[in-house]
1. Could you list L124, L18 so that the one with the fewest beta carbons within 10 Å of its beta carbon is first and the one with the most is last?
2. If you put +1 on each Lys and Arg Cβ and -1 on each Asp and Glu Cβ, how big is the dipole of the chain around its Cα centre, in Debye rounded to 20?
3. Could you work out [θ]222 nm for the chain from helices alone, using -39500 (n - 2.57) per DSSP H run of at least four and dividing by all its residues? Round to the nearest 500 deg cm²/dmol.
4. Would you mind ranking M28, M131 so that the residue whose beta carbon has the fewest other beta carbons within 10 Å leads the list?
5. Only loop residues by DSSP count here, and only those with at most 14 other Cβ atoms within 10 Å; note down the GluC sites (Glu not before Pro) in the range 51-149 that meet that.
6. So which trypsin sites (Lys or Arg not before Pro) in the range 48-130 are both in a DSSP loop and have at most 15 other Cβ atoms within 10 Å of their Cβ?
7. Report for the chain the percent antiparallel among DSSP-assigned beta bridges with both residues inside it, nearest 5.
8. If you line up the Cα atoms of the range 15-148 on their principal axes, what length do they span on each, largest first, in Å?
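FYI, it's all coordinate maths here, none of it is from the lab. Small disclaimer: the values here were computed from a predicted structure and weren't measured. FYI the Cβ positions are ideal-geometry reconstructions off the backbone, even for glycines, and counts take in every protein chain you see.
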Amino acid sequence: MGSSCPPGAVPREEESQLVLDEALAVEMTAHCLRSFPTEGCGLIAGDAVSGRVVRWFPVRNSAASARLYVVDPEDHLRADREAEEEGLEIIGVFHSHTHTDAYPSATDVAQAPDPGWHYVLVSLRGEVGSMRSFRIREGFVTEEPVVLV
């Protein structure tokens with residue numbers, strides 16, 4: 001597990017993981033590849049306690065940038081409503097890094113909207129996309145395992 005924090009500070013460690021079907025991971029990565037050269041993004045829904053992802057929602061990157069993502073507010077609202085109708089909750093967000101590793105940038109950390117969310121990054125840097133998940137709380141980044149089932 002990697003973490004990033006100011007000198008002398010100790011991040012609060014919590015046991016967490018992201019659990020999802022391999023097929024969902026493939027679909028999320030494919031969405032990011034289709035969005036290239038801009039960063040692709042989406043929301044994930046499931047069980048906040050277990051970290052189990054049941055469904056994902058593609059959303060538009062309203063920043064339309066290769067270096068920044070902004071979840072389109074209308075798409076976010078649609079995803080919230082659909083998740084609620086299915087008895088799910090939005091438990092995180094994913095986005096791609098088009099030319100860098102799957103690790104939160106300073107912008108990602110500064111713009112992390114919910115300390116309870118999972119922040120999933122898909123790197124498109126190599127020949128095959130790589131996926132990693134993080135928790136971002138009070139500016140601290142902690143990697144969590146991604147468990148494919």
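1. Working: L124 22, L18 27.
Neighbour counts put them in this order, fewest first: L124, L18.
2. Values: 12 positive and 24 negative charges, 98 e Å.
Dipole magnitude for the chain comes out near 480 debye.
3. On the way: 3 runs with 32 residues, N = 149.
That comes out to -6500 deg cm²/dmol.
4. Details: M28 25, M131 20.
Lowest to highest Cβ neighbour count: M131, M28.
5. Values: sites: E74, E82, E84, E85, E86, E89, E127, E138, E143; in loops: E86, E127, E138.
Listed in order of number, the matching sites are E86, E127, E138.
6. Numbers: sites: R52, R55, R60, R67, R78, R81, R125; in loops: R60, R67, R125.
In loop regions of the range 48-130 (DSSP not H, G, I, E or B), the sparsely surrounded trypsin sites (Lys or Arg not before Pro) are R67, R125.
7. On the way: 26 of 36 bridges.
Antiparallel: roughly 70 percent of the beta bridges in the chain.
8. 35, 32, 30
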